[in-house]
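Colleague: One structure, pasted below without further comment.
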Amino acid sequence: MNMLLAATQEPLLHQATGEAKPEVTVPLPPEETQPCVIPLPHGHIPSWLEPGSPDWKKHEARLGSEELMQRRTIYLNGFTDSRGTHWCGNCFWRCRLMNLGEQLGYPALDLVGLAAGYDAWLRYARDASVVGVEDAVRAARRMESS
Ligand SMILES: [Zn+2]
């Protein structure tokens, strides 16, 4: 159901970026336009990915503007997990958790109170706090290596 939502939003995004193309100086759309399986606004683009900000300039000196633009694009594009659910750039770890779940067969993770099964994992990945997601990734990794 949410996969459907992401799929219908994507062509719109392409349209939007396509229309903006002739005006090269127009900045990329703000991060709010990113499709994400989490519908509510969450997180904010880091200041070092905002072109022209002091943090951007600091990173630019170290990485070069091309590398930095690439990282910005990756952030703005977000991530797709192995079942095709789309996550925004803020949700890297949530996406990572779903991919780990896919590898492991979505087992129960008692350490973080996560029940077995795809639906439980998706609910957890969407609703848990940042710390909760990190804990689950850690627990899943421990399982992966055992
Ligand atoms: Zn997100």
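The values are calculated or read from the model by the stated rules, or taken from the named source; none is laboratory data. Worth saying up front: this structure is predicted, and the values here are computed from it rather than measured. FYI the Cβ positions are ideal-geometry reconstructions off the backbone, even for glycines, and counts take in every protein chain you see.
Colleague: Is the stretch 13-23 home to any residue that is modelled with pLDDT of 95 or more, of a type in the set (Gly, Ala, Ser), over 20 Å from Ala128 (Cα atoms) and not in a helix (DSSP H, G or I)? I'd like the intermediate steps shown before the answer.
Modeller: Looking only at the stretch 13-23, we keep the residues that are modelled with pLDDT of 95 or more, and these are none.
Within the stretch 13-23, not a single residue is modelled with pLDDT of 95 or more, of a type in the set (Gly, Ala, Ser), over 20 Å from Ala128 (Cα atoms) and not in a helix (DSSP H, G or I).
Colleague: Give the number of residues within the stretch 87-113 that are in contact (Cβ under 8 Å) with a residue 24 or more places away in the chain, more than 9 Å from the ligand (Cβ to nearest atom) and surrounded by 14 or more Cβ atoms within 10 Å (Cβ to Cβ).
Modeller: Number satisfying all stated conditions: 10.
Colleague: Right, another one. Looking only at helices (runs of 4 or more DSSP H) that fall completely inside the stretch 44-108, which ones have 2 or more residues that are outside the structural domain of Arg138 (by TED's automatic domain parsing) and more than 15 Å from the chain's Cα centre (by Cα)? Working first, answer last.
Modeller: Numbers: elements: 54-63, 65-77, 92-104.
Those helices (runs of 4 or more DSSP H) span 54-63, 65-77.
Colleague: What are the pairs, 6+ residues apart or on separate chains, where a residue within the stretch 33-55 that is within 20 Å of Thr80 (Cβ to Cβ) has its Cβ under 9 Å from a residue that is near the ligand (Cβ under 9 Å from one of its atoms) and polar (S, T, N, Q)?
Modeller: Gln34/Asn90; Cys36/Asn90; Ile38/Asn90; His42/Asn90; Gly43/Asn90; Ile45/Asn90
Colleague: Within the bounds of the stretch 29-41, is there any residue that is over 14 Å from the mean Cα position of the chain (by Cα) and either at pLDDT below 95 or within 16 Å of the ligand (Cβ to nearest atom) (or both)?
Modeller: Checked against the condition, which is being over 14 Å from the mean Cα position of the chain (by Cα) and either at pLDDT below 95 or within 16 Å of the ligand (Cβ to nearest atom) (or both), the stretch 29-41 yields at least one hit.
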